[in-house]
Structures are given as C-alpha cells and as structure tokens.
Amino acid sequence: WKLEYDVPGLSAQQIYETMLQVVTNMTQEKNQLERSKVVMVNEGQHKMVATFQEWLVFTSTAISLDRTKFNYLIQANCTDGHLEVILDHVHYNYAVKDKDEHYKAEDWITDKYAVNKKRTRLYPISGKFRRKTIDRKNEIFENIKKAF
C-alpha cells in the first residue's frame, strides 16, 4: 500500500523528523514485539525504513485468544511539501495446533484467495486476516496524517 500525502509549507527535513517520531512511537505501542524498530535512516536523503512485528488480535475472550504475529515494513520518503509512505512485505506467523504457519499477504488476503467466486463474501479464515490487516493499515495511515 502507498500513501501519498501533501504537507504544504513543510520542508523535507521537518517532514522527515515528524515521520521518524511517528514510526519510533509506533515501535513502542502495546502490541509491538521485539522485531519492531527503525532499521535504516538517511537524514541526508530524508528516507527511513522501519520493520514491525506486532500482535494482530482477531478475538480475545476469557477462554480463548486468536491472534497472529503481523509483520511488515514501512518505508518513508520525505521531500519538500510531500510525504510518500509505503507499507509492504506483509506476512503473518499464525500458530495452528502448536505449529507456526507462515502466510504472505499477497497469497492470503487478496481477492483471489479471500473472496468467494461470486464476490459476495469473504472466506472465514483468510477473511479475518484481510479485515484486520486493512483496518490496521488504515489506522497507521490515519495516524501518520494526524501527525501533520
């Protein structure tokens, strides 16, 4: 996914500093795991990359917890008055009967795999991944916009 966002009146450096603060704060959110961190910064070119591994919770009750480890990259490229954010390399580690199953989003949540042939409903398992992933992507992009 890509977010192209105009930020009139701000320099590349200002956008870069704000974005660095946003992704740094994200790495400290409550569902984040040990692999969440800013891994590359290039202040001269106003670019950064952060990796994330977080719990994506489908359901949580007193007797059951259904969740997956949700992994993704955020890349940011800041220029004067403009921000480009790419969220990609999305994959999941999902525990099924004490064994981790690995799924790539491209092979799991796209229409081809998550929607029935009539395109009227989502399949139960891949559908829950799709809903939660898109909700999380939307939340991340909205939080980035709010920071500006």
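For the range 19-47, the set of residues classified as more than 16 Å from Ile140 (Cα to Cα) and either part of a loop (DSSP other than H, G, I, E, B) or among the hydrophobic types (A, V, I, L, M, F, W, C) (or both) consists of Leu33, Glu34, Arg35, Val39, Met40, Val41, Glu43, Gly44, Gln45, His46, listed by residue number.
Yes or no, residue by residue, for (1) under 19 Å from the mean Cα position of the chain (by Cα); (2) surrounded by 12 or more Cβ atoms within 10 Å (Cβ to Cβ):
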site	(1), (2)
Gly9	no, no
Gln28	yes, no
Leu87	yes, yes
Asp100	no, no
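If the Cβ limit is 7 Å and pairs must be 6+ apart or interchain, which residue in the range 16-30 that is in contact (Cβ under 8 Å) with a residue 24 or more places away in the chain and closer than 19 Å to Leu3 by Cα pairs with which residue that is open to solvent by 70 Å² or more (accessible area, probe 1.4 Å) and part of a loop (DSSP other than H, G, I, E, B)? Within 7 Å, the pairs are Tyr16/Glu43.
Looking across the range 110-140, the residues that are buried (at least 16 other Cβ atoms within 10 Å of the Cβ), aliphatic (A, V, I, L, M) and more than 17 Å from Asp88 (Cβ to Cβ) come down to Ala114, Val115, Leu122. When we screen Lys47, Lys117, Lys97, Lys104 for residues that are modelled with pLDDT of 95 or more and among the basic types (Lys, Arg), the only hit is Lys47.
Tallying residues that are surrounded by 18 or more Cβ atoms within 10 Å (Cβ to Cβ) and hydrophobic (A, V, I, L, M, F, W, C) within the range 37-48 yields 1. All of (1) under 11 Å from the mean Cα position of the chain (by Cα); (2) open to solvent by less than 30 Å² (accessible area, probe 1.4 Å); (3) of a type in the set (A, V, I, L, M) hold for Leu73 with one exception: (2). Go through the residues of the range 62-70 one by one and say whether even a single one is closer than 27 Å to Lys145 by Cβ, open to solvent by 50 Å² or more (accessible area, probe 1.4 Å), assigned to a strand (DSSP E or B) and of a type in the set (S, T, N, Q). No; the residues of the range 62-70 include none that is closer than 27 Å to Lys145 by Cβ, open to solvent by 50 Å² or more (accessible area, probe 1.4 Å), assigned to a strand (DSSP E or B) and of a type in the set (S, T, N, Q). Of the candidates Tyr72, Tyr16, Tyr5, Tyr94, the single residue that is in contact with a Lys or Arg (Cβ under 7 Å, 6 or more places away or on another chain) and not β-branched (Val, Ile, Thr) is Tyr5.
The values are calculated or read from the model by the stated rules, or taken from the named source; none is laboratory data. Predicted model only: the values in this text are computed from it and were never measured. Cβ atoms come from the backbone with ideal geometry, glycine included; neighbour counts cover every protein chain shown. These accessible areas exclude ligands, DNA and RNA; they are computed on the full protein's heavy atoms, side chains included. Shrake-Rupley method; radii C 1.70, N 1.55, O 1.52, S 1.80 Å.
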